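Take a look at the structure below.
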Amino acid sequence: MKISIIIPVYNVAPYLRECLNSIVNQDDTLIEVFLINDGSTDDSESICEEYIASYEYFTLINQANSGQSAARNAGLKRATGDYIWFVDSDDWLAKDSFKVLRSHLAQSDVDLFAFCFQNSIDGVISDSEWNHYETISTCSPNEFLATTKYFFTSPWLRVFKSTFLKANGITFVESIFHEDDYFNYQSLNVAQKIQKIPDVLYHYRILPESNMRTLSYDVILKRINSLFFIIDHLSNFQNLDRDYLVTRKKAYYNYITATAEKYCKSHVSFALKLKLIKELKKNLPQVVVTKDDFKQSKAIWFQKQLYNLGTYFYCSYLTLVK
């Protein structure tokens with residue numbers, strides 16, 4: 001059984017060797033590793049070339065900067081393994097993760113194999129509160145969702161059967177952000193069997209959050225429109241639990257609103273704030289204001305009223321309360 005590792009690489013020179021060393025130190029050569037250099041401008045490409053020269057199961061694919069989705073798709077096209085594992089280049093694999101994977105996959109025939117991870121913040125390792133520690137040998141997608149505390153959407157948290165992805169034409173949408181969410185909905189909607197274990201096989205490096213002031217208007221708008229794209233397509237996933245999808249839809253609306261509010265509380269020009277909220281209100285449903293809102297929080301009640309009253313007043317309020 002061969003495992004294909006697909007790693008998008010973009011300007012991660014400080015972390016890349018730790019990621020790649022965690023693979024070569026597994027003492028497992030029945031793998032293939034695709035490094036997709038997505039137009040890096042630092043030393044990432046030269047680091048990749050070091051490993052290409054030393055390990056015959058590494059392959060380097062260079063492409064103009066096209067984004068993480070395009071990089072992963074490029075790896076998918078070349079992958080020949082029985083299972084595919086998407087790994088982020090600033091993270092690393094746990095010791096003996098391949099050994100654990102093989103011991104389970106050799107006894108099962110599942111479309112998705114899920115496991116746990118640990119966070120790393122400034123070198124401090126901690127368990128994630130979102131880990132799903134219950135062991136289930138085989139379950140359906142809806143059983144998986146019902147028995148998982150929180151569905152973490154990062155694809156590195158699962159290993160996918162190659163024939164399953166290819167037979168169902170599952171790839172990453174290249175024109176949006178939050179592509180991991182959509183990829184997982186596609187997978188869960190058609191999966192037949194899923195297995196999950198409590199073992200920690202992955203270390204997730206949490207880097208400092210990008211400051212909202214450094215993000216352009218176009219980036220923020222694309223992020224928000226990407227979430228609207230996902231909301232609009234949730235109804236296509238007919239095999240997934242309706243209540244779960246309704247809950248996810250509400251969560252996306254809340255995230256969109258929170259993103260817009262954070263942008264409006266930043267130091268960008270008032271004209272840009274006004275422009276963003278105008279775009280937002282084209283797609284967001286009108287906020288429902290109830291009597292209980294005033295009792296529970298006067299601030300939220302007032303904010304909802306301003307949202308319905310007009311874009312100018314809403315932006316003015318958000319700017320003042322930053």
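The values are calculated or read from the model by the stated rules, or taken from the named source; none is laboratory data. Bear in mind that the values here come from a model prediction, so they are computed numbers and not experimental data. Glycine also receives a Cβ, built like all others from the backbone with ideal geometry; neighbour counts cover every protein chain displayed. For the accessible areas, the whole protein counts, side chains as well, though only heavy atoms, and no ligand, DNA or RNA atoms are used. Shrake-Rupley method; radii C 1.70, N 1.55, O 1.52, S 1.80 Å.
Assorted remarks:
- Every residue from segment 283-300 that is surrounded by 14 or more Cβ atoms within 10 Å (Cβ to Cβ) and within 29 Å of H233 (Cα to Cα): N283, L284, V287, V289
- The single residue among L101, L145 that is open to solvent by less than 30 Å² (accessible area, probe 1.4 Å) and either out of contact with any helix residue (DSSP H, G or I) (no Cβ under 7 Å at 6 or more places or on another chain) or at pLDDT 90 or above (or both) turns out to be L101.
- Enumeration of residues in segment 1-29 that are under 25 Å from K161 (Cβ atoms), small (G, A, S) and open to solvent by 10 Å² or more (accessible area, probe 1.4 Å): S22
- When residues of segment 150-171 are limited to those that are part of a loop (DSSP other than H, G, I, E, B) and of a type in the set (G, A, S), the one most open to solvent (accessible area, probe 1.4 Å): G169
- Answer from E50, E45, E18 - the residue that is of a type outside the set (A, V, I, L, M, F, W, C) and farther than 21 Å from R205 by Cα: E50
- Residue in segment 85-92 that is over 24 Å from I176 (Cβ atoms), part of a loop (DSSP other than H, G, I, E, B) and open to solvent by less than 10 Å² (accessible area, probe 1.4 Å) present: no
- Matching residues in segment 241-280 - criterion: being assigned to a helix (DSSP H, G or I), in contact (Cβ under 8 Å) with a residue 40 or more places away in the chain and not aliphatic (A, V, I, L, M): Y244, E261, K262, Y263, C264, F270, K273, K275, E279
- Of the candidates K275, K250, K304, K262, the single residue that is out of contact with any strand residue (DSSP E or B) (no Cβ under 9 Å at 6 or more places or on another chain), closer than 30 Å to D181 by Cα and modelled with pLDDT under 85 is K304.
A quick yes/no check of all residues on (1) charged (D, E, K, R); (2) free of Cβ contacts under 8 Å to residues at least 40 places away in the same chain; (3) touching a Leu at 6+ places or on another chain (Cβ under 6 Å):
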| position | (1), (2), (3) |
| --- | --- |
| C19 | no, no, no |
| S40 | no, yes, no |
| Y51 | no, yes, yes |
| F98 | no, no, no |
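- Filtering Q303, Q238 for residues that are farther than 30 Å from L145 by Cβ, touching a residue at least 12 places away in the same chain (Cβ under 8 Å) and open to solvent by 30 Å² or more (accessible area, probe 1.4 Å) leaves a single hit, Q303.
- The conditions of being of a type in the set (D, E), surrounded by fewer than 18 Cβ atoms within 10 Å (Cβ to Cβ) and under 18 Å from C19 (Cβ atoms) are not met by E56.
- Out of I224, I230, I220, sole residue that is at pLDDT 90 or above, in contact with a His (Cβ under 7 Å, 6 or more places away or on another chain), part of a helix (DSSP H, G or I) and surrounded by 18 or more Cβ atoms within 10 Å (Cβ to Cβ): I230
- Failed item, numbered, when E174 is tested on (1) in a helix (DSSP H, G or I); (2) open to solvent by 10 Å² or more (accessible area, probe 1.4 Å): (1)
- Within segment 59-84, the residues that satisfy the criterion of being buried (at least 20 other Cβ atoms within 10 Å of the Cβ) and part of a strand (DSSP E or B) are Y83, I84.
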